[in-house]
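The values are calculated or read from the model by the stated rules, or taken from the named source; none is laboratory data. Please read all numbers here as calculations on a predicted model, not as lab measurements. Note that each Cβ is placed from the backbone with ideal geometry, even for glycine, and that neighbours are counted across all protein chains shown. In case anyone asks, the SASA skips ligands and DNA or RNA and just uses the protein heavy atoms, side chains included. Shrake-Rupley method; radii C 1.70, N 1.55, O 1.52, S 1.80 Å.
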Amino acid sequence: MKLVFAGTPEVAVPALDALIASERHEVAAVVTRPDAPAGRGRRLVASPVAQRAEEAGIEVLKPVKPRDGDFLERLREIAPDCCPVVAYGALLPRVALDIPARGWVNLHFSLLPAWRGAAPVQHAVIAGDEMTGAATFQIEEGLDSGPVYGVITERVRPTDTSGDLLTRLAFAGAGLLSATMDGIEDGTLEAVPQPADGVSLAPKITVEDARVDWKAPALRVDRLVRGCTPAPGAWTVFRGERLKLVSVQSVPDRMELGAGELAVGKNSVHAGTGSHAVELLWVQPQGKKPMRAADWARGVRIAPGERVGDTDVR
């Protein structure tokens, strides 16, 4: 099939690579989000998918909105058979959905109908799911509600961050998307409607969502930190400034600390929660690089009884 691939972040690159390598299909063009400011200089930088496509000599389309007339006209000129999608980042209007003969097929990082939305992997980690996966489905105008072609499963490991899990799913899902294109092309795959039961939503995790509630149980704190790593980053407040929590570890045998209360040892920092303590392993003070929590604690000289999370951020 002649394909136009739509995707934007690094997590979409493995799937693009798999389709470029396919001997059965031609990636005629790539659709991605416009260049965006990045780094301290805030200069415009092309998306990872755009950079990979340019390296491969593939035409790159960067519509501000996928309903733009020039983009739709060019898509009609290319006349793709199918448009595979991985984390493109914009809603596709009906006029665009109708152009490819076999539609747009999305690789979504959950076991649909669970975790429909922008942040399925983060929500799976935060919710404590033991199993997740990826699914390919036919895009329709509803939110991730189209019929499913295929799925793969992936165990959520106890120490997984959302970044760890998403990396594994990106590579495993690349194979699933490639196999789905093969099955659509040769007629061996038929999309199956999603069940009505088991629907859950995974909206984007906001910065405020990532703030740690120290009255919550330690298990919840640990899941939130892992689910918000690397983005947007779990955080709390210490002496009126934000303190990002890069990694923590549950310590079930330490029960005596109040919610948010800090206890500093020679090479350790513990914080109380609504159940037992967690050990702060790595933190990132405002305006600084990540550091071991014990080194941070020595630098700020934590007084007995001091807490995290007590006051509003300045």
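Screening region 1-32 for residues that are open to solvent by 50 Å² or more (accessible area, probe 1.4 Å) and touching a strand residue (DSSP E or B) at 6+ places or on another chain (Cβ under 9 Å) and picking the one that is farthest from residue 230 (Cα to Cα) gives 2. In this structure, residue 79 qualifies as more than 28 Å from the chain's Cα centre (by Cα) and closer than 21 Å to residue 181 by Cα.
Every residue, every condition in (1) part of a strand (DSSP E or B); (2) of a type in the set (Gly, Ala, Ser); (3) at pLDDT 95 or above, yes or no:
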residue	(1), (2), (3)
259	no, yes, yes
274	no, yes, yes
287	no, yes, no
294	no, yes, yes
305	no, yes, no
311	no, no, no
314	no, no, no
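For region 235-249, indicate whether the set of residues that are within 14 Å of residue 217 (Cα to Cα), crowded, with 16+ Cβ neighbours inside 10 Å and touching a residue at least 24 places away in the same chain (Cβ under 8 Å) is non-empty. Checked against the condition, which is being within 14 Å of residue 217 (Cα to Cα), crowded, with 16+ Cβ neighbours inside 10 Å and touching a residue at least 24 places away in the same chain (Cβ under 8 Å), region 235-249 yields at least one hit. Reported count of residues in region 34-60, each being more than 18 Å from residue 1 (Cβ to Cβ), open to solvent by less than 70 Å² (accessible area, probe 1.4 Å) and aliphatic (A, V, I, L, M), is 7. The number of residues in region 180-229 that are open to solvent by less than 20 Å² (accessible area, probe 1.4 Å), closer than 24 Å to residue 135 by Cα, in contact with a helix residue (DSSP H, G or I) (Cβ under 8 Å, 6 or more places away or on another chain) and not aliphatic (A, V, I, L, M) comes to 2. Looking only at region 260-269, residues that are open to solvent by 20 Å² or more (accessible area, probe 1.4 Å) and under 31 Å from the mean Cα position of the chain (by Cα) come to 1 in all.
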